[in-house]
Amino acid sequence: MFSNVRIGVRLALGFGLVLIITFVIGIVGIYNATRFAGHAANLASNTKGAVHLADAQSALWQLRYGFLQFMTLTSPDERKQITNEEAGLYLQIESKLTTIELGQRAPEEIAVAEELRKAYQQYIEARPKWFQLYGEGRIEEAQEWRSRTTTPYGAATLSAFAKMMDMQRKTSERVERDVLAQIEATRSALIVLLGLALAVGVAIAYWITRSIVAPLGFAVGVAKRVATGEK
């Protein structure tokens with residue numbers, strides 16, 4: 001079939017096939033590298049989100065600890081310092097929650113973020129009255145108010161934090177599984193393509209060599225017969 005094809009055309013076809021396979025290998029590599037970059041970005045974003053959650057939760061615990069400090073202190077100035085420090089903690093939590101909310105994508109993440117916001121808002125709105133009641137010496141009223149508002153609201157806020165952290169953990173595990181599966185699939189695809197490239201290269205080399213050597217051998221044979229006087 002290809003016996004009448006010129007040697008130049010045969011070489012062009014052979015190298016063309018090898019180049020096509022090499023091109024496909026390159027495309028597969030670039031495509032998967034792009035996907036790896038996307039997974040890496042997701043993991044980085046998820047890690048940052050976990051750090052923001054941890055920072056916000058730590059600030060919330062400091063707020064809750066402020067009740068105990070307020071009760072153990074007797075100096076008005078020291079008590080005033082406790083309430084003054086709360087503004088910084090509120091700003092820290094607000095900043096972290098805003099950053100976390102900007103990164104929410106899945107509906108379940110948005111729902112948990114809304115749950116956290118609601119509980120946290122109830123908690124911070126209830127805190128000033130407790131300080132007022134306790135500071136005025138209305139201890140029983142302060143205890144009743146705390147058990148009815150700040151304690152359950154604070155617990156609900158921490159519960160929402162725990163849910164968000166659990167979602168972050170599950171997301172990280174899912175992305176990790178996806179990356180490992182993609183690596184295995186890419187490895188298998190590259191092995192197949194490299195094997196195909198090797199097989200095609202060997203076949204082309206054999207075909208081209210045979211198509212060149214055979215005519216040369218025939219020509220040499222004819223030349224020898226002519227040289228010896230054979231017809």
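The values are calculated or read from the model by the stated rules, or taken from the named source; none is laboratory data. Note that the structure is a prediction, hence the values are computed from the model and not measured. Backbone-built Cβ (ideal geometry, glycine too); neighbour counts: all protein chains shown. Just so you know, the surface numbers come from the protein's heavy atoms only, side chains and all, with ligands and any DNA or RNA stripped out. Shrake-Rupley method; radii C 1.70, N 1.55, O 1.52, S 1.80 Å.
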Q) Is it true that residue 46 is more than 19 Å from residue 162 (Cα to Cα), touching a helix residue (DSSP H, G or I) at 6+ places or on another chain (Cβ under 6 Å), of a type in the set (S, T, N, Q) and modelled with pLDDT under 90? A) no
Q: Give the residues of the stretch 106-155 that are in a loop (DSSP other than H, G, I, E, B) and either of a type in the set (Lys, Arg) or open to solvent by 80 Å² or more (accessible area, probe 1.4 Å) (or both), sorted by residue number.
A: 136, 138
Q | residue 210 vs. criteria modelled with pLDDT under 80 and open to solvent by 50 Å² or more (accessible area, probe 1.4 Å) | A | yes
Q | Cross-chain or 6+ apart pairs with Cβ under 8 Å, the stretch 113-136 first and over 18 Å from residue 54 (Cα atoms), then crowded, with 18+ Cβ neighbours inside 10 Å and among the hydroxyl-bearing types (Ser, Thr, Tyr) | A | 122/153; 123/150; 123/153; 123/157; 126/150; 126/153; 127/150; 130/150
Q. Can you name every residue in the stretch 76-105 that is open to solvent by less than 40 Å² (accessible area, probe 1.4 Å) and over 18 Å from residue 127 (Cα atoms)?
A. 97, 100, 103, 104
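For the stretch 170-183, check the following and say yes or no: at least one residue is of a type outside the set (A, V, I, L, M), open to solvent by less than 70 Å² (accessible area, probe 1.4 Å) and closer than 30 Å to residue 73 by Cα. Let's see the steps before the verdict.
Taking the stretch 170-183 first, the residues of a type outside the set (A, V, I, L, M) are 170-174, 176-178, 182.
Filter once more, so that each one left must be open to solvent by less than 70 Å² (accessible area, probe 1.4 Å): 171-172, 178, 182.
Add one more test, that the residue is closer than 30 Å to residue 73 by Cα, and what stays is none.
No, because not a single residue in the stretch 170-183 is of a type outside the set (A, V, I, L, M), open to solvent by less than 70 Å² (accessible area, probe 1.4 Å) and closer than 30 Å to residue 73 by Cα.
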